[in-house]
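A.B. asks: The following block contains the structure, expressed as structure tokens.
The values are calculated or read from the model by the stated rules, or taken from the named source; none is laboratory data. On a predicted model such as this, the values are computed, not experimentally measured, just so you know. Neighbour counts run over all protein chains shown; Cβ positions are idealised from the backbone, glycine included. These accessible areas exclude ligands, DNA and RNA; they are computed on the full protein's heavy atoms, side chains included. Shrake-Rupley method; radii C 1.70, N 1.55, O 1.52, S 1.80 Å.
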Amino acid sequence: MQTIQKKFVPFFSLERQTKNINAQLKTAIANVVDSQQFVGGSFVENFEKKLAAYIGVNHVISCNSGTDALWMALKALDIQKDDLVLTTPFSFIASSSEVANHGAHPVFIDIDEKSFNISASKTEAWLQAHALKKNGQTVHKTTGLPIVGIIAVDIFGQVADYDALNTIAKEWNLWIIADCAQSIGAELNGKKTGTLGTISAFSFYPTKNLGAFGDAGCCTTNDPVLAEKLLQIRNHGRKSHYDYLDLGINSRLDGIQAAVLTEKLMYLEEYNNKRRAIAAQYNQKLADVPCVKLPKNTLGHHVYHQYALQVVDNNGVSLRNELEKHLLDCGVPTRIFYPKSLPDISFLSLNPALKTDTPCATHLVDTVLALPVWPELEQHEIDHVIASIKSFQPIIVNAHNQTTAQQTL
């Protein structure tokens, strides 16, 4: 077995990226300070315009966070108390919690085992089994509650199957919110994420592929009516200063974050391409390691917000915790996204009549492990991650309770 000398590789860091463009960022921030346009104004408008051009969408409505973007999208689509929204069980909580925050119910449809995204075929099967069309509306057979939409999440930067999902949505009269928090710059059939749903929601949290210096987000849409609603919702539900049309929230992007994002947007393609290059090395060098299942680029143009593999033995039993400890001993911290599936969070599944089975998601939370994949990783760090994984020799307990070391070289 190859002897691995411990060497620390950060799981993620912004230090190198910030240092590389430090002068531009400082100038951009200074310009905001000099202008005093801290909320709204030309810096926000400029960012929205440039992001719209990059994505290829008609309307960008910036806001305070990706979570707010999801809440606003649901509000703009007129979600009502007790409505049902079909969504993924494998995601950050916001893709479901904002449904619950409107008094509606997330209904969890299991994921595709290769993409880790909501399965279009399972979505269609669930609708065929549990829904019916009544007076132009889709309703749940058992409860009679309206089924109004789908929230798809482009998990880890892998685009969901929007072609199939949009076909389903059209057939069943549903809208689609695309949660693109992890997929900015990804594409499907030449169209970037942000153009593939009725409304799309983005997060610019600092760790994202395009990250601000604090919380930030946006909604995108090609529908001018929805865009106008989103503009009102983010600003206390008002059309002008004291012309209130509906309840809204205060969720405006500030000028400093807009200026930072505008500067970093110029480098987004470079950052994403570096992530892809690191993922390509992992895919090539780890392909023969028997205890890992590598992530699949199943559709479109992946941007690898996370490089998340599965760690299992020949019987599919998780070896994730063992590899996690081994890599930490080698100086390579990892992350588990996500350690619990959303149906296991009690306050998201209050109605037993809406309970679903999600075995693929359940298996994934027990086996998934994310490796460092940030753009400024240096080659010697990438090599160390690869060598550390190849040196992993898990202890396998066979059917006769005999232990053996599984050689992974």
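A.B. asks: For Asn46 and Asn135, compute 0.36 nm times the residue count separating them, minus their Cα-Cα distance, and round to one decimal in nm. Don't skip to the answer; put the middle values down first.
C.D. replies: Details: separation 89, 0.36 × 89 = 32.04 nm, distance 4.43 nm.
Extending this stretch completely gives an extra 27.6 nm.
A.B. asks: Identify all lysines with a Cα-Cα distance to Lys229 below 17 Å; exclude those on the same chain that are fewer than 8 residues away in sequence.
C.D. replies: Lys75, Lys239
A.B. asks: Over the chain, average the accessible area per residue using a 1.4 Å probe and give it in Å², no decimals. It would help to have the intermediate numbers written out before the result.
C.D. replies: Values: 17860 Å² over 409 residues.
Value for the chain: 44 Å² per residue.
A.B. asks: Roll a 1.4 Å probe over the protein heavy atoms and report the accessible area of Thr334 in Å², nearest 10.
C.D. replies: We get 20 Å² for Thr334.
A.B. asks: On to the next question. Explain nothing, just the number: relative contact order of the chain, from Cα pairs under 8 Å at least 6 residues apart, as a whole percent. Each step should come with its number before you reach the end.
C.D. replies: Values: 849 pairs, mean separation 89.2, N = 409.
In percent, rounded to a whole number, it is 22.
A.B. asks: Helix-derived [θ] at 222 nm for the chain: sum -39500 (n - 2.57) over DSSP H runs of at least 4, divide by residue count, nearest 500?
C.D. replies: Working: 13 runs with 145 residues, N = 409.
After summing the helix terms and dividing by residue count, I get -11000 deg cm²/dmol.
A.B. asks: Next question, about the same structure. Using a Cα-Cα cut-off of under 21 Å, which lysines could be cross-linked to Lys122, ignoring same-chain neighbours fewer than 8 residues away?
C.D. replies: Lys114, Lys133, Lys141, Lys170, Lys296, Lys340, Lys355
A.B. asks: How would you order 304-313, 72-81, 147-156 from highest to lowest mean count of nearby Cβ atoms within 10 Å? Each step should come with its number before you reach the end.
C.D. replies: Details: 304-313: 22.3, 72-81: 20.5, 147-156: 27.0.
Most protected by this proxy first, the peptides run 147-156, 304-313, 72-81.
A.B. asks: Highest mean first, how do 59-66, 347-354, 179-186, 384-391 rank when packing is the count of other Cβ atoms within 10 Å averaged over residues? Working shown, then result.
C.D. replies: Details: 59-66: 24.6, 347-354: 13.0, 179-186: 28.6, 384-391: 20.9.
So the peptides 59-66, 347-354, 179-186, 384-391, ranked by packing, come out 179-186, 59-66, 384-391, 347-354.
A.B. asks: Tell me the carbon and sulfur percent of the accessible area for the chain, rounded to whole percent, probe radius 1.4 Å.
C.D. replies: Of all accessible area on the chain, carbon and sulfur atoms account for 50 percent.
A.B. asks: Which of the lysines could be linked to Lys26 by a straight reach, that is with a Cα gap under 22 Å, when you skip same-chain ones fewer than 8 residues away?
C.D. replies: Answer for Lys26, where 22 Å is the Cα cut-off: Lys49, Lys50, Lys208, Lys264, listed by chain and number.
A.B. asks: Further question on the same structure: Charges on Cβ only, +1 for Lys and Arg, -1 for Asp and Glu, centred on the Cα centroid of the range 30-160; of Phe38, Ala52, Ala152, which one is farthest towards the dipole's positive end?
C.D. replies: Highest projection toward the positive end goes to Ala152.
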